[in-house]
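Trainee: Following this message is one structure expressed as C-alpha cells.
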Amino acid sequence: MMLTPRAEALRGPLRSWLREGEALIRDHGVDPGSMRRTFRLASTDFGLLSVIAPTLALIEREAGGVELVVEPLSDASLRRLEDGRLDFVLTGWSPHGSSLHSRWLFQETHLGLARPNHAVHASKGTSEDLLKWPHVSVSVGDGFGDWIAEDLPEMADRRILISAESFSLTPYLLAETEAVAILPRRAAERFAAAHGLRTFPAPAGVKPFDYHLVWHERSSDDQATRWVVETLAKAFATPAAA
C-alpha cells in the first residue's frame, strides 16, 4: 500500500495537530497561587476543627483563589461524591466503592469531658459510673446512629440530656450542667484548653477510628485536587526518621 499525495500532504499537519492535542490534555502541574477553584466537601465540625482548621492558614497563604464550601456529613455524602456534587468527603468510616480514592489521615481515640469540679473526675470512669450522670450526645451526621452505644451496648440506656449534630457546642452545654460527654480526643483536649473544662479517660471498649479524606477517581489526575489532598494531609504526616 502506498500513501496518496493527499495523505502525504496531511502527514505533517496531522503530526503537529497530535502534538498540540497532547499538550492540551497533558497536566503540567498546578501553581497554587494562580488557582481559582471552589472545592465542595462534606464534613462534621470535628473534621473542620481537626483537619481544615490546622491547614486553613496555609491554604490562605499559598492559594488565595481557593474557596472551600462545606456541607454537613450525611449517609448521602459518598453518593454525592460519586455523582459529582462533592469534591471531597472527610469521614471516620472506611470508604467503600471501586470508584473512590482515599488518604488515611490519622487514628483517633476518645476522652470524656465535663466541668472541672464534676464528680466524674473522682470516679473510675467506667460505663457503670457514667450511667449516673446525664450525657451530651453528639450525633455524627444524618443516618449514622449512636456511635457510643454501638461500642458500649450498656450505654444505650444512658440518660441523654441533649443530642445535637455539633461537637463545637458541647463545651457550652457542659459548662453549667451535671452532664458529661465522650468525644474524640482532639476535640476533647481542644475544648478543655479553650473553655476551662477537664477531660477524663473514656470507658474501655470505646473503639478508636481512622479518619479519611475521600475523593472520586474522576479527579485522581487533577493536579489541583492532588494539591488539596497533599495540603490537608501535610499536618498529619509522620516526620521522617533522622
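The values are calculated or read from the model by the stated rules, or taken from the named source; none is laboratory data. From a predicted model like this one, the values you see are computed outputs, not experimental measurements. Using ideal geometry, Cβ is built from the backbone for each residue, glycine included, and neighbour counts are taken over all protein chains shown. Side chains included, ligands, DNA and RNA excluded: accessible areas come from the protein's heavy atoms. Shrake-Rupley method; radii C 1.70, N 1.55, O 1.52, S 1.80 Å.
Trainee: Can you work out the Karplus-derived ³J(HN,Hα) for every residue in the stretch 67-79? Use 6.51 cos²θ - 1.76 cosθ + 1.60 with θ = phi - 60°, whole Hz, and x for glycine or proline.
Mentor: With coefficients 6.51, -1.76 and 1.60, one gets 10, 9, 10, 10, 10, x, 5, 8, 6, 9, 4, 5, 5 Hz.
Trainee: Roughly speaking, what is the stretch gain from Ala193 to Thr4, that is 0.36 nm per residue apart minus the C-alpha to C-alpha distance, in nm to one decimal?
Mentor: 60.0 nm
Trainee: Let me check I've understood the local charge: for Ala156, count other residues with C-beta under 10 angstrom from its C-beta, Lys and Arg +1, Asp and Glu -1. What total comes out?
Mentor: Around Ala156, the charge tally is -3.
Trainee: Normalising by the residue count of the stretch 41-153, find the relative contact order in percent from Cα pairs under 8 Å and 6+ residues apart.
Mentor: Here the relative contact order equals 31 percent.
Trainee: Right, next: Net charge near Pro54: determine it from the other residues with C-beta under 13 Å of the C-beta of Pro54, scoring Lys and Arg +1 and Asp and Glu -1.
Mentor: +2
Trainee: Take Arg61, Arg40 and sort them by solvent-accessible surface of the protein heavy atoms, 1.4 Å probe, largest at the top.
Mentor: Arg61, Arg40
Trainee: With a cap of 11 neighbouring Cβ atoms within 10 Å, and only residues DSSP puts in a loop, list the trypsin sites (Lys or Arg not before Pro) found in the stretch 146-200.
Mentor: Working: sites: Arg158, Arg159, Arg185, Arg186, Arg190, Arg198; in loops: Arg158, Arg159.
Within the stretch 146-200, the qualifying trypsin sites (Lys or Arg not before Pro) (loop, at most 11 other Cβ atoms within 10 Å) are Arg159.
Trainee: Let me ask something else. Can you pull the percent of the stretch 174-237's accessible area that's carbon plus sulfur, 1.4 Å probe, other chains left in place?
Mentor: For the stretch 174-237, the apolar C and S fraction of the accessible surface comes to 46 percent.
Trainee: Take every Cα pair under 8 Å in the stretch 40-91 that's 6+ residues apart, average their separations, divide by the length, and report that relative contact order as a whole percent.
Mentor: Answer for the stretch 40-91 is 60 percent.
Trainee: Loop only per DSSP, at most 10 neighbouring Cβ atoms within 10 Å: give me the GluC sites (Glu not before Pro) in the stretch 133-242, ordered by residue number.
Mentor: Working: sites: Glu150, Glu154, Glu165, Glu176, Glu178, Glu189, Glu217, Glu230; in loops: Glu165, Glu176, Glu178.
Qualifying residues, ordered by number: Glu176.
Trainee: Right, here's the next one. In sequence order, what are the phi-derived ³J(HN,Hα) couplings for the stretch 198-209 according to the Karplus relation 6.51 cos²θ - 1.76 cosθ + 1.60 with θ = phi - 60°, rounded to whole Hz, with x for glycine and proline?
Mentor: Result, rounded to whole Hz: 9, 8, 9, x, 6, x, 4, x, 6, 7, x, 9.
Trainee: Quick one: with all protein chains in place, what share of the accessible area of the stretch 99-173 is carbon or sulfur, to the nearest percent (1.4 Å probe)?
Mentor: 52
Trainee: Residues of the stretch 160-236: accessible area per residue at 1.4 Å, in Å²?
Mentor: Working: 3600 Å² over 77 residues.
I get 47 Å² per residue for the stretch 160-236.
Trainee: Top to bottom by accessible area (1.4 Å), largest first, where do Thr38, Thr55 land?
Mentor: In descending accessible area the options line up as Thr38, Thr55.
Trainee: Simple spin-label model, 7 Å along Cα-to-Cβ: Arg80 to Ala235 in nm?
Mentor: About 2.1 nm, to one decimal.
Trainee: Next question. When a/c is below 1.5 the answer is rounded, else prolate if a/b is larger than b/c, else oblate, so apply that to the stretch 34-114 with a ≥ b ≥ c taken from the square roots of the Cα gyration tensor eigenvalues.
Mentor: oblate
Trainee: Over the stretch 154-242, what is the relative contact order in whole percent, taking alpha-carbon pairs under 8 Å and six or more residues apart?
Mentor: Computed over the stretch 154-242, the figure is 15 percent.
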